[in-house]
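Each value in this text was obtained by applying a stated rule to the coordinates, not by laboratory testing. The structure displayed is predicted, hence computed values, not measured ones. Here Cβ is always computed from backbone atoms with ideal geometry, including for glycine, and neighbour counts include all displayed protein chains.
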Amino acid sequence: MSRSFLDASIPVLLSNLSTDEKISLLGAPNWWNTTPVERLEITSIRMSDGPNGVRGSSHFVSTPAQCLPCATSLASTFDVDLIQQAGSFLAEEAKIKSSVVLLAPTCNIQRNPLGGRAFESFSEDPHLSGKTFGTLAAAYVNGLQSKNVAATIKHFVGNDQEHERTAADSVVSDRALREIYLYPFMLAQKLAKPWAFMTSYGRIGGVHVAENPVFLQDILRKEWGFDGIVMSDWFGTYSVDLAINAGMDLEMPGPPRWRTPLLVNHMLSSQKVLLSTIDERVTTLLTFIQRQARRNPEVVYGDGKERTRDTPEIRAFARKLAAEGMVLLKNDNGFLPLKANEGEDVEAPLSAAWISKRGHATVLLPLTPTPSGQSRRIAIIGPNAKAGVISGGGSAALKASYIVTPYDGIVANAPKEFSFDYEVGCYAHKFLPTLENYLTTPTGEPGWLCEFYNHDSSGQPTGSSIASFVLHDTRIKLNDFLPPGLTETWTIKLNGELRVEKSAEYELGLTVAGRAKLWVNGKMTIDNWTKQRPGEFFYGQGTVEEKATVTLESDKPAHIYVEYTNTKPPAGPESDLSQPALMRGVRLGGCEKIDPDKALEDAVDLAASSDSVIIVAGLTPEWESEGFDRLTLDMPGRQNELISRVGKANPNAVVCLQAGSAVSMPWVNDVSAIIQAWYSGNEAGNALADVLFGKVNPSGKLPLTLPVREEDAPAYLSTRSENGKIHYREDLFVGYKWYQARDIKPLFAFGHGLSYTTFSFSDLSVSEPSSYDANLTVSVSLAVNNTGLVEGSEVVQVYVSLPDIGLITPRLQLRGFAKVKGLQPGLSQTVTITLHKYAVSYWDEVKHMWRAKVGEYGVSVGQSSDKILLKGSFELKEAFEWSGL
């Protein structure tokens, strides 16, 4: 296509577009592209899912990509510069996928630790999510857009749980809406100006945000000055005229359901939508497309291919990013970092004792130093140790270019004096693990063969295949790709040779959005075709996993054959509950059957006979995902029991938790150390090893509160939709603000995180306000001292207390932070944090503006929300009001 569009006049183009062409621009032709108009040489641009990687434009044949840590891990760094580098990194990842728009970052609030997409959002705190003059969201956006890739900040606004997410009305006060939920979007707009916003699925005030002019016009465009495009979330458009009139520019994905020529022309003829409004939306959209094409002509007018980047430098950055986000929650007696010989390194000593509870007695068990030259025996235990758990599920999931598991990373990076033994302990999967690493095609290639067949008039496969692909995943997703030439109903046939490492009984599972059967060595083994049970697969539109047990031999490959069709199951009371609706696909999984009791006992025995234990546990993308919320803080399977029993058998143990949010820890007193390792991307194993063995001194801080129990959480009993409404009863008291107001002790507080060294704060100085208006600044200065024995980094957290404003207000609110990096032992560094008008303001629901009142404002400086080390104050002598940004 000619590049004339780059220099074209948007008003001239608009005048030359037919009405149907204008309508086509307000929708999309497929899942990932805007609509081109070849007659006028208007190009299309491609977008891709984020936020922890760039998947590309196909779920079906995904191009492998680098997976970065999840948003809660990024937030744990408290490092604005590093997050901006991550944004720049993702921009380059987007461009090699021929994309110039990334659907990220997610800027919602973690009001509920059980929220299915909690791992996608930065924090429970709006200031950390969108910190003034150094926001995490803004840093992410600035990094992306510095490399000319458009950020699409989402989900605007109130998309804070998955239960009935497309229907639920978030019942939230105006003050909480402004001070908590809109706040990070507001600061991101002020500091980074994202080029695109994505609307949330749900309603506020009874109106879907995607068709709510208060949010899309009054707040976003008029009050905040946004001039980019507003797009819907996928299938998050619910009307023709309401969404267009409200200011939603682009319906996604395509082909459109609502913005068809038939429906929009009907709205035009009835004057429910005016042509001038269509012209406004088209002008906005064309301006955005042209800007992205001008910024990235080599991508937009390139070959459209998707590629994978992989260099030592890329891997090193991903590894550093993952390690910097890990949070050392507990480290009794300096148990970590693990060293080959007891006492060999005074800079990072191991513990001198085990503390083991036997009944009601506490017994000190001295550790015997390992003699020189003798290996130190380490047990690696847990269901996640050898699993490739790198991200949460849903839109954030991608096909990784490589994965370093915790087991592989630990073994590869350990001192030579260490030896390792492994036991799984228990299983914790929701669906049986995928099998792509054990499959080859009939011709011997890695993967399995997928062939598409048309149907005859009776709905049976006919003729030869019309398209074939070699797939390297046993999760077959067909929502965004089908080969041309298919009949309305069709079949795919999947063939492969399955080779297992051990002769044993194996459990296989088949999950489907459609209908499917599995044959093993010619024998029909699973029927998920004739009768189906609705389940959670594919965002709740698929079936449960139907399972069968087969005996497999290590020296004999088993032939695997799956037949799938996109037709509904036979008529019955549940046939319409199953699918296929918006999604289509099939998933094959399997693993060796284990005796649960024996597996647990074997792990306990191994722990008892080892010098130290590394337990890798947590969640997976099947437990923590878009599409549903978790039902409990407990980790799945028998993990809590496993950790407790292993810890009692050998307290010289560290638990490494892979999860995007909080989990319960009833065993917290049974182990010596705990690392919150999050979902850490491709480099998860290497980064974890760096922290365990002291190559990296941990400096991560919790961006959310970890509760002792679910009942302590602020949103408890207010997390699900009831009669179409979700009540935000905690109001302003989200996260740590609730725990402080209610005097509830959390398991680990917001901002908590240990180091292998120690720090002190001193010499606090708080300036007077520079002015008494919206230009106000207050400087908070202090000295940070490394009082330990090794180099380390520390986060300074500044909390502000408002004077009595006549309204119930949280006692402490994070309003500033700074990270001191690489401070040497015995040295001190002065840190200055500048507070702005946001630190003194609250939303006045009567006047509909921000207000700051006269009075004394407290300044509390600490290492976490519950560890305040210094206090000061400043006085605001004149009140002021402001609006906008």
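Pull out a ≥ b ≥ c, the square roots of the eigenvalues of the alpha-carbon gyration tensor of segment 436-592, then state rounded if a/c is under 1.5, prolate if not and a/b is larger than b/c, and oblate in the remaining case. In terms of gyration-tensor shape, oblate. Taking label positions 7 Å along the Cα-Cβ direction at both Ser375 and Thr758, the computed distance is 3.7 nm, reported to one decimal. Summing Cβ point charges (Lys, Arg +1; Asp, Glu -1) relative to the Cα centre of segment 4-299 gives a dipole of roughly 200 debye.
Net charge in the neighbourhood of Thr530 (other residues with Cβ under 11 Å of its Cβ; Lys, Arg +1, Asp, Glu -1) is +1. Cross-link partners for Lys877 among the aspartates and glutamates, with Cα-Cα distance under 17 Å and sequence neighbours closer than 8 places in the same chain left out: Glu768, Asp773, Asp804, Glu856. Tell me the net charge near Gly87. Cut-off is 14 Å between Cβ atoms, Gly87 excluded, with +1 for each Lys or Arg and -1 for each Asp or Glu. The answer is -1. For segment 4-299, rounded, prolate or oblate, judged on the Cα gyration tensor with a ≥ b ≥ c (square roots of eigenvalues), a/c < 1.5 rounded, else prolate if a/b > b/c? Judged from the Cα gyration tensor, segment 4-299 comes out oblate (a/c at least 1.5, b/c at or above a/b). For the chain, adding -39500 (n - 2.57) for each run of n ≥ 4 DSSP H residues and dividing by the number of residues yields -5500 deg cm²/dmol at 222 nm.
Rounded to the nearest 5, the antiparallel percentage of DSSP beta bridges internal to the chain is 75%. Positive contributions from Lys and Arg (+1) and negative ones from Asp and Glu (-1), summed over other residues with Cβ under 9 Å from the Cβ of Tyr736, come out at -2. Is the chain rounded, prolate or oblate when judged by the Cα gyration tensor, a ≥ b ≥ c being the square roots of its eigenvalues, rounded requiring a/c under 1.5 and prolate requiring a/b larger than b/c? Because a/c hits 1.5 or more and a/b fails to exceed b/c, the chain counts as oblate. Restricting the calculation to Cα atoms, segment 778-885 yields a radius of gyration followed by a Dmax of 16.3, 55 Å.
A full extension of the chain between Gln460 and Glu711 corresponds to an added length of 85.0 nm, given 0.36 nm per residue minus the alpha carbon distance.
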